[in-house]
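Trainee: First the structure, which I've put down as structure tokens, then a few questions once you've had a look.
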Amino acid sequence: MNHVSPAHDLFTLTPLSTTIGAEIGGIDLSRPLTQAVRDGLYQALLDWKVIFFRDQDISAEQHLAFAQNFGGLEIHPFAAGDETNPEILRIHHGEKAPGKENVWHSDVTWRTAPSLGSVLRLRKVPIIGGDTLFADMAAAYRGLPPDIREAVEGKTALHDFGYFRERLVKKGASEADLAEFDRQYPNPEHPVIRTHPDTGEQAIYVNRAFTRRILGVSEAESTRLLEFLYAQAAYPEYQCRFRWTANAIAFWDNRACQHYAVSDYWPQERIAERVTIVGDEPFYRPNSEQTPGIADQFQGGLRTYASGVGGPNDVMAVARDKH
């Protein structure tokens, strides 16, 4: 169903799920935003974690101008940007370069101040396949069992650009080159649970692509906790899925969600352009408000597996034992 924005009757908003994802209608992004529309869209982003626009045939300059409404823009240090507009990261996959972003992650958490969000548009859409999934990491946090929540709140984790380091090595980067990148981007320590600077929501802020370990606990305990936290993103109850169409755009909040680009379209081409908005340094602030616990999640048969259970296969064993 369509909903008119409650703040002002300037666009429509259609949720894709109960907590994450909404399509915005009635807006032409080729035109400058008024302050009221800008504020309304940002509130929609805070409410829904990712917002989508369809049928937006905009230029590169208009893409940049839209993103600049929400902050300064980053240039990715490890990937080639557009020659004219280096803030635009071109992501091109096809027969000779299969998609490889099919891992749950939040962008550039290897930065000391990771991005606020990303604005992605597809220039070439596969005939079938190439969807993007988004996971609400605030809802995933609320679904944590109490003992896991207690174990990770206030902890910090080490992040690293290791994925890109491997690519640099394959491209022939020298030891001196790698040392300079390490100097410019030293491994940051971010809270495992991040407090959103605008909403105060708590969200899981570790991801399989860039998090290396939780500090202050044993290696084994770090692995156990991280595997549990990574698995939270994989529950469909926390997700929405966006099927791309020509001239569609996604704008997501990197502070509150993770995403996964489905690589099921090979050997078709998929060409995307991403603009990333500068963010701030993550922090954790204890929340005195009660948040829903595990008993409030998944009122059907599915339950987040308890901390004493090893993984998804054990979830099924628990389910069998109950019946």
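The values are calculated or read from the model by the stated rules, or taken from the named source; none is laboratory data. This structure is a prediction, so every number in the text was calculated from the model and none was measured. For neighbour counting, all protein chains shown are included, and Cβ atoms are generated from backbone atoms with ideal geometry for every residue, glycine included.
Trainee: I'm trying to understand the selection: among the residues of the range 83-95, which are surrounded by fewer than 20 Cβ atoms within 10 Å (Cβ to Cβ) and under 22 Å from residue 244 (Cα atoms)?
Mentor: Of everything in the range 83-95, those that are surrounded by fewer than 20 Cβ atoms within 10 Å (Cβ to Cβ) and under 22 Å from residue 244 (Cα atoms) turn out to be 90, 91, 92, 94, 95.
Trainee: For the range 272-286, state whether one or more residues are without any contact (Cβ under 8 Å) to a residue 40 or more places away in the chain and either under 22 Å from residue 141 (Cα atoms) or not hydrophobic (A, V, I, L, M, F, W, C) (or both).
Mentor: no
Trainee: Quick one: in the range 60-74, which of the residues that are modelled with pLDDT of 95 or more and over 24 Å from residue 13 (Cα atoms) is surrounded by the most Cβ atoms within 10 Å (Cβ to Cβ)?
Mentor: 73
Trainee: Which members of the range 208-239 meet the condition of being part of a loop (DSSP other than H, G, I, E, B), under 13 Å from the mean Cα position of the chain (by Cα) and either of a type in the set (A, V, I, L, M, F, W, C) or under 12 Å from residue 192 (Cβ atoms) (or both)?
Mentor: Answer for the range 208-239, where residues must be part of a loop (DSSP other than H, G, I, E, B), under 13 Å from the mean Cα position of the chain (by Cα) and either of a type in the set (A, V, I, L, M, F, W, C) or under 12 Å from residue 192 (Cβ atoms) (or both): 209, 210, 233, 234.
Trainee: Also, quick follow-up: Within the range 123-130, identify whether any single residue is touching a strand residue (DSSP E or B) at 6+ places or on another chain (Cβ under 7 Å), surrounded by 24 or more Cβ atoms within 10 Å (Cβ to Cβ), not in a strand (DSSP E or B) and not hydroxyl-bearing (Ser, Thr, Tyr), and answer yes or no.
Mentor: Checked against the condition, which is being touching a strand residue (DSSP E or B) at 6+ places or on another chain (Cβ under 7 Å), surrounded by 24 or more Cβ atoms within 10 Å (Cβ to Cβ), not in a strand (DSSP E or B) and not hydroxyl-bearing (Ser, Thr, Tyr), the range 123-130 yields no hits at all.
Trainee: Specify the residue that is surrounded by the most Cβ atoms within 10 Å (Cβ to Cβ); the eligible residues are those in the range 17-32 that are in contact (Cβ under 8 Å) with a residue 60 or more places away in the chain and among the aliphatic types (A, V, I, L, M).
Mentor: 20
Trainee: Counting just the residues of the range 158-206 that are acidic (Asp, Glu) and modelled with pLDDT under 95, which one comes out farthest from residue 116 (Cα to Cα)?
Mentor: Across the range 158-206, the extreme among qualifying residues is 175.
Trainee: Next up: Looking at 66, 70, can you tell me which residue is assigned to a loop (DSSP other than H, G, I, E, B) and among the hydrophobic types (A, V, I, L, M, F, W, C)?
Mentor: Unique residue meeting the criteria: 70.
Trainee: Taking the range 240-278, which residues are in contact with a Phe, Trp or Tyr (Cβ under 7 Å, 6 or more places away or on another chain) and either under 27 Å from residue 194 (Cβ atoms) or surrounded by 21 or more Cβ atoms within 10 Å (Cβ to Cβ) (or both)?
Mentor: 240, 242, 249, 250, 252, 257, 258, 259, 260, 277
Trainee: Separate question: Take the residues of the range 83-102 that are closer than 29 Å to residue 39 by Cα and assigned to a loop (DSSP other than H, G, I, E, B): which is modelled with the highest pLDDT?
Mentor: Of everything passing the filter in the range 83-102, 87 is modelled with the highest pLDDT.
Trainee: Does residue 108 count as modelled with pLDDT under 95, assigned to a loop (DSSP other than H, G, I, E, B) and surrounded by fewer than 18 Cβ atoms within 10 Å (Cβ to Cβ)?
Mentor: no
Trainee: Using the structure shown, decide if residue 209 is modelled with pLDDT under 95 and touching a Lys or Arg at 6+ places or on another chain (Cβ under 9 Å).
Mentor: no
Trainee: Considering the range 106-155 alone, what residues qualify as being out of contact with any helix residue (DSSP H, G or I) (no Cβ under 8 Å at 6 or more places or on another chain), among the aliphatic types (A, V, I, L, M) and under 30 Å from residue 57 (Cα atoms)?
Mentor: Of everything in the range 106-155, those that are out of contact with any helix residue (DSSP H, G or I) (no Cβ under 8 Å at 6 or more places or on another chain), among the aliphatic types (A, V, I, L, M) and under 30 Å from residue 57 (Cα atoms) turn out to be 108, 116, 120, 122, 125, 127, 128, 133.
Trainee: Can you pull out every residue in the range 111-122 that is more than 13 Å from residue 253 (Cβ to Cβ) and part of a loop (DSSP other than H, G, I, E, B)?
Mentor: Selection gives 111, 112, 113.
Trainee: Which ones in the range 34-63 are of a type in the set (Asp, Glu) and either within 16 Å of residue 118 (Cα to Cα) or not in a loop (DSSP other than H, G, I, E, B) (or both)?
Mentor: Within the range 34-63, 39, 47, 61 meet the criteria.
Trainee: Being in contact with a His (Cβ under 7 Å, 6 or more places away or on another chain) and crowded, with 20+ Cβ neighbours inside 10 Å is the filter here; which residues of the range 210-235 pass it?
Mentor: Within the range 210-235, 210, 211 meet the criteria.
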